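K.L.:
The structure is given below, and queries will be raised subsequently.
No lab work stands behind these numbers, since they all come straight from the coordinates. Since the model is a prediction, treat every value here as computed from it, not as a measurement. Positions of Cβ are backbone-derived with ideal geometry, glycine not excepted, and every protein chain shown enters the neighbour counts.
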Ligand code: PEP
Ligand code: MN
């Protein structure tokens, strides 16, 4: 079902007035984690003012260590839904377990499956039983075939609304947090009809590389970007402040991107 062979036309996922996978670029921006109502409201305001369509933010965070901040949970879903509604943005948030799929889908417009859960087959199966769009992130050691098979689990369950996200893979290079596999963008679009979104934030782990890799992703044909932005990156509650753009940088990026491709 994920293969281009069985579905020659591009899949376009329509959510309210936003089309993902069509001619226009979709930009998702926001913090790594929802921290407080004030934080997410202010960031939502800035994301909207910059011209993006989707607010990102994690309420449940898949942290490498068990003692790290794990996210504010369901309360964060409520805070983000309110901010999205107030500022006229769609929302995307990560879901980590099958048990939380329904509550996350109640509050968010798009559900994100993180890199660490790309092969959490119980989660994928559960996501196949609903119609809420899913942004499936590539496992950091997964091949395109494994990635497309993970998407297949969701599609096979009956949910056709899947987008693929290249977010960098693990290589020998340690200067960057991950190696953003730019070739994955056109390769996945050749193999599959699903929209492909690039994540230059996790794909590089370095703020100064987000702008060039965003442009490179668009040049490579990405249907959209998911970018971390924070009003106070140095004090963000996850370690992802180092890869988060300042609001002015995010706004400038939007201006630059508009010169490369039409925005939604
Ligand atoms: C995130 O989007 O904040 C995140 C944890 O992403 P990934 O699963 O790609 O590491
Ligand atoms: Mn993050």
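K.L.:
Suppose we look only past 25 Å in the calculated P(r) of the range 35-153. What percent of the Cα-Cα pairs does that tail hold?
P.N.:
Values: 1738 of 7021 pairs.
Distances greater than 25 Å cover 25 percent of the Cα pairs.
K.L.:
Report, largest value first, the span of the C-alpha coordinates of the range 110-194 along each principal axis, in whole Å.
P.N.:
Rounded to whole Å, the extents work out to 40, 25, 20 Å.
K.L.:
Percent of Cα-Cα pairs more than 17 Å apart in the range 146-264, please.
P.N.:
On the way: 4082 of 7021 pairs.
Above the 17 Å cut-off, the range 146-264 has 58 percent of its Cα pairs.
K.L.:
What relative contact order, as a whole-number percentage, does the chain give when Cα pairs under 8 Å and 6 or more residues apart are counted?
P.N.:
Values: 600 pairs, mean separation 56.6, N = 264.
Relative contact order for the chain comes out at 21 percent.
K.L.:
Want the number for residue 99 to residue 14: 0.36 nm per residue separation, take away the alpha-carbon distance, what's left?
P.N.:
Values: separation 85, 0.36 × 85 = 30.60 nm, distance 2.59 nm.
Roughly 28.0 nm would be gained on extension.
K.L.:
OK, next. For the chain, what proportion of DSSP beta bridges, expressed in % and rounded to the nearest 5, is antiparallel? Walk me through the numbers on the way to the answer.
P.N.:
Values: 5 of 33 bridges.
Antiparallel bridges: around 15 percent, rounded to the nearest 5.
K.L.:
Still on this model: So how do 122-130, 56-64 stack up, highest first, on mean other-Cβ count within 10 Å? Before the final figure, lay out each step's value.
P.N.:
On the way: 122-130: 19.4, 56-64: 21.6.
Answer by packing, highest mean first, reads 56-64, 122-130.
K.L.:
Run lengths n ≥ 4 of DSSP H only: what is the helix-derived mean residue ellipticity at 222 nm for the chain, with -39500 (n - 2.57) per run over all residues, to the nearest 500? Can you show the working numbers first?
P.N.:
Working: 9 runs with 96 residues, N = 264.
When only DSSP H runs of four or more count, the value is -11000 deg cm²/dmol.
K.L.:
Between residue 242 and residue 170, what FRET efficiency comes out of the Förster formula 1/(1 + (r/R0)^6) with R0 = 25 Å and r the beta carbon distance, rounded to 0.05? Could the numbers behind the result be given before it?
P.N.:
Numbers: r = 18 Å, r/R0 = 0.71.
The formula returns an efficiency of 0.90 here.
K.L.:
Placing one identical point scatterer on every Cα of the range 196-264 and ignoring solvent, what is log10 I(q)/I(0) from the Debye formula at q = 0.16, 0.25, 0.27, 0.29 Å⁻¹?
P.N.:
The calculated log intensity ratios at q = 0.16, 0.25, 0.27, 0.29 Å⁻¹ are -0.49, -1.10, -1.23, -1.35.
K.L.:
Something else: How far apart, in nm, are the 7 Å Cα→Cβ label points at residue 259 and residue 183?
P.N.:
Taking the simple label geometry, residue 259 and residue 183 are separated by 3.0 nm.
K.L.:
Then there's this: For the pair residue 131 and residue 82, how long in nm is the line joining their label points, each one 7 Å along Cα→Cβ?
P.N.:
So the label points at residue 131 and residue 82 sit 2.9 nm apart.
K.L.:
May I pose another question? Subtract the Cα-Cα distance of residue 252 and residue 1 from 0.36 nm times their separation in residues, and report this length gain in nm to one decimal.
P.N.:
Numbers: separation 251, 0.36 × 251 = 90.36 nm, distance 3.83 nm.
Additional length available on full extension: 86.5 nm.
K.L.:
If you take the Cα Rg of the chain and divide it by 2.2 N^0.38 Å, with N the number of residues, what do you get? Walk me through the numbers before you get to the answer.
P.N.:
Working: Rg = 16.5 Å, N = 264, 2.2 N^0.38 = 18.3 Å.
Dividing the Cα radius of gyration by 2.2 N^0.38 Å gives 0.90.
K.L.:
Provide the convex hull volume over Cα atoms per residue for the range 1-68, in Å³.
P.N.:
Numbers: hull volume 9.6 nm³, N = 68.
Measuring per residue, one finds 140 Å³ for the Cα hull of the range 1-68.
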